[in-house]
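Some notes on the structure that comes next.
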Amino acid sequence: MDMFVPFAAIAASALFILSLMWMSHPSTARRGVRAGEAGMAIAIIGALIHHDIVSYDLIVLAMVAGAAVGIPMALLMPMTAIPQRTAISHAFGALAVGLIGAAEYYKHAQPQFAGTFVMGALMFEMILGFLTCTASVVAFAKLQGLLPSKAVVFPGQRIVNGAVALTGIAIAVMLTMDPTQTWLFPIFVAIALLFGVLLVIPIGGADMPTVIALLNSYAGLAASAMGFALGNKLLIVAGALDGASGFILALIMCKAMNRSFANVMFGGFGAVAAGAVSGKDDRVVRSASAEEAALQMENASTVVIIPGYGMAVSQAQHKVSELYQALTKKGVDVKFAIHPVAGRMPGHMNVLLAEANVPYEQLVELDDVNPDMPQTDVALIIGANDTINPAARDDPSSGIAGMPIIEADRARSVFVIKRSMSAGFAGVDNPIYFNANTQMLFGDAKEMVGAIAKELSGGGSGMGH
């Protein structure tokens with residue numbers, strides 16, 4: 001059976017690599033998920049038959065406890081809560097890495113391990129593990145609304161963060177060179193946990209998708225470092241894949257938002273907030289009905305649908321698919337403009353629309369759709385806010401200034417489905433609601449889109465060409 005362990009590591013690593021490759025495109029994404037599941041199953045079996053295991057009692061107990069938490073999370077958690085679930089999963093994984101590192105430290109807290117590579121790897125993985133744990137918990141709390149989504153900043157924040165980080169690194173070096181100083185270890189753990197909190201509280205809601213990707217990278221790097229410390233090749237490979245993919249995704253998200261890593265992590269993005277209508281009561285808001293919107297879309301040549309978090313909250317994706325089909329049957333050219341950070345995590349809208357069987361080729365990225373917006377007859381915004389806010393383009397003082405947007409305001413006619421005039425996740429006022437070519441469709445996204453689709457299908461007032 002010992003021969004199976006290295007074989008399992010090789011097979012699982014290959015399946016993880018294939019999984020990432022296949023999940024990069026919707027047509028092969030299901031195959032990628034299955035490959036990842038198979039790889040993880042092989043990895044678990046390989047770990048369970050390792051010769052170092054002398055008793056399975058605690059292992060079985062831990063697996064039952066994990067399944068008792070994980071299965072309900074997978075089955076009961078709605079799609080809108082996937083970002084929160086991802087964040088809390090990062091916290092669990094990072095905590096596991098940190099606790100294993102702590103156990104290994106006390107095992108190696110002997111003079112012969114002073115200054116060794118193993119001790120250095122343990123310190124590195126524990127810093128990343130513990131800070132990722134608390135950072136992920138804060139991200140979860142912000143996404144869940146348990147903490148304010150806006151950036152929390154205070155005078156001298158960067159100096160405090162830097163001092164805490166340097167103190168933690170200094171203690172890590174001291175413990176690496178002399179692991180027998182066990183009295184320093186609880187202080188080291190406390191500083192790593194504290195730094196995770198300090199790292200995320202100054203980050204505003206609009207940057208949260210990037211933070212999730214970055215925390216995913218941290219968790220992967222921590223697991224890889226743990227693999228070096230334990231001599232586990234599979235952990236090294238799997239952690240490196242996770243760390244690299246998360247880091248690349250975070251870079252992509254920063255580019256999509258025109259942000260730098262330093263700005264995202266330490267800039268307090270989102271701290272500048274403006275009330276939705278405060279001090280601007282003289283502006284005119286035009287509202288419309290589902291019937292009016294349907295009539296205008298029916299007579300349009302091109303319609304661009306721009307989904308956002310509001311679509312996810314109301315679970316309107318299936319009604320959106322019905323609307324797409326109704327418009328297509330009437331000869332209207334329909335496209336979906338997808339912003340990279342729409343929703344609460346990368347790919348949020350893509351997943352929802354794929355669930356509703358919207359053809360993937362109809363999904364267009366903002367760089368491709370923006371040149372066509374001035375020639376678009378109707379732009380239908382479904383619960384999007386910050387990603388279509390022209391203030392990011394036109395107002396240098398805005399809290400989201402410089403963030404690339406879908407330029408929906410340049411369409412000939414704009415309909416916005418929204419429950420109210422409240423600001424978006426970044427807390428920034430959106431002038432598109434007051435434009436002369438904009439009409440508001442107030443109400444629940446699922447109900448409003450369903451009403452428009454019903455009108456187009458002849459179930460309303462009997463429209464027709």
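The values are calculated or read from the model by the stated rules, or taken from the named source; none is laboratory data. Remember, it's a predicted structure, so these values are computed and weren't measured experimentally. With ideal geometry, Cβ positions are generated from the backbone for all residues, glycine too; neighbour counts draw on all protein chains shown.
Checking each residue in region 108-120 for being buried (at least 18 other Cβ atoms within 10 Å of the Cβ) and farther than 18 Å from residue 187 by Cα picks out only 113. Residues in region 48-80 that are part of a helix (DSSP H, G or I) and in contact (Cβ under 8 Å) with a residue 40 or more places away in the chain: 79, 80.
When residue 188 is tested against (1) over 17 Å from residue 99 (Cα atoms); (2) outside any loop (DSSP other than H, G, I, E, B), just one condition goes unmet, and that condition is (1). Restricting 131, 147 to residues that are out of contact with any Ser or Thr (no Cβ under 8 Å at 6 or more places or on another chain), over 16 Å from residue 195 (Cβ atoms), assigned by TED's automatic domain parsing to the domain that holds residue 189 and of a type in the set (A, V, I, L, M) narrows the list to 147.
Residues that are in contact with a helix residue (DSSP H, G or I) (Cβ under 6 Å, 6 or more places away or on another chain), in a helix (DSSP H, G or I) and modelled with pLDDT under 85: does region 143-150 have at least one? The answer is yes, given that some residue of region 143-150 is in contact with a helix residue (DSSP H, G or I) (Cβ under 6 Å, 6 or more places away or on another chain), in a helix (DSSP H, G or I) and modelled with pLDDT under 85. Checked against the criterion of being assigned by TED's automatic domain parsing to the domain that holds residue 92 and in contact (Cβ under 8 Å) with a residue 60 or more places away in the chain, the candidates 237, 164 yield just one match: 237. Tally time: how many residues in region 401-419 are small (Gly, Ala, Ser) and either assigned to a loop (DSSP other than H, G, I, E, B) or free of Cβ contacts under 8 Å to residues at least 24 places away in the same chain (or both)? The total comes to 3.
When the test is whether a residue is free of Cβ contacts under 8 Å to residues at least 24 places away in the same chain, out of contact with any Pro (no Cβ under 6 Å at 6 or more places or on another chain), over 17 Å from residue 214 (Cα atoms) and not basic (Lys, Arg), residue 101 does not pass it. Within region 321-350, the set of residues being in a loop (DSSP other than H, G, I, E, B) and either without any contact (Cβ under 8 Å) to a residue 12 or more places away in the chain or of a type in the set (A, V, I, L, M) (or both) comprises 331, 332, 341, 342, 345, 347. As a summary of the residue check, residue 398 satisfies the conditions (1) among the polar types (S, T, N, Q); (2) touching a Leu at 6+ places or on another chain (Cβ under 8 Å); (3) outside any helix (DSSP H, G or I) except for the one numbered (2).
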